[in-house]
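The values are calculated or read from the model by the stated rules, or taken from the named source; none is laboratory data. This is a predicted model, so every value here is computed, not measured. Glycine gets a Cβ as well: all are built from the backbone with ideal geometry, and neighbour counts include every protein chain shown.
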């Protein structure tokens, strides 16, 4: 009888353990943004904008506002420290606070001699200001069930170049930079 009770207890524990939701071992527990590679997660470094510049002021002045002034955010160095061979990288945002899936954006940066630039806006005297979206790459952002964590994946392969993953657009153009190799 004791043997039968022990077998039933072990079988019940095994069924309960199998029915419990499995936790994804690849999701880090420390807050941050991570690239999910085959060898495990790699944490990205935060890239802070080093400044802002405008171009086209003279054209706008001499054309009585017909020409547009462009605003650009600047980032140090012509390349990010993290260079990926993966053209469709998967990122995980681990957050202690709730982050909207709509607040995440991936921006392609223009590479200059000693810096990278992200065009932010165009302003015209007659057309007003508009946020520039020509360098925004389409993303699929999904929430990991019952957490504040998000999975971020480009909808198409990224061409070789430099990118900035912004995880909270409400805070401006600070984000996590990376490059995609040819």
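Worth pointing out:
- Residue within the range 50-60 that is surrounded by fewer than 13 Cβ atoms within 10 Å (Cβ to Cβ), modelled with pLDDT under 90 and closer than 15 Å to residue 176 by Cα present: yes
- Verdict on residue 117 being modelled with pLDDT under 95 and either exposed (fewer than 12 other Cβ atoms within 10 Å of the Cβ) or within 30 Å of residue 57 (Cα to Cα) (or both): yes
- In the set 165, 106, 96, 139, only one residue is in contact with a strand residue (DSSP E or B) (Cβ under 6 Å, 6 or more places away or on another chain) and either farther than 17 Å from residue 75 by Cα or surrounded by fewer than 14 Cβ atoms within 10 Å (Cβ to Cβ) (or both); that residue is 139.
- Counting the residues of the range 142-162 that are on the phi > 0 side of the Ramachandran plot and either surrounded by 14 or more Cβ atoms within 10 Å (Cβ to Cβ) or touching a helix residue (DSSP H, G or I) at 6+ places or on another chain (Cβ under 7 Å) (or both) gives 1.
- Among the candidates 116, 108, residue that is part of a strand (DSSP E or B), closer than 24 Å to residue 181 by Cα and in contact (Cβ under 8 Å) with a residue 60 or more places away in the chain: 116
- Residue in the range 140-156 that is part of a loop (DSSP other than H, G, I, E, B), within 27 Å of residue 83 (Cα to Cα) and within 13 Å of the chain's Cα centre (by Cα) present: yes
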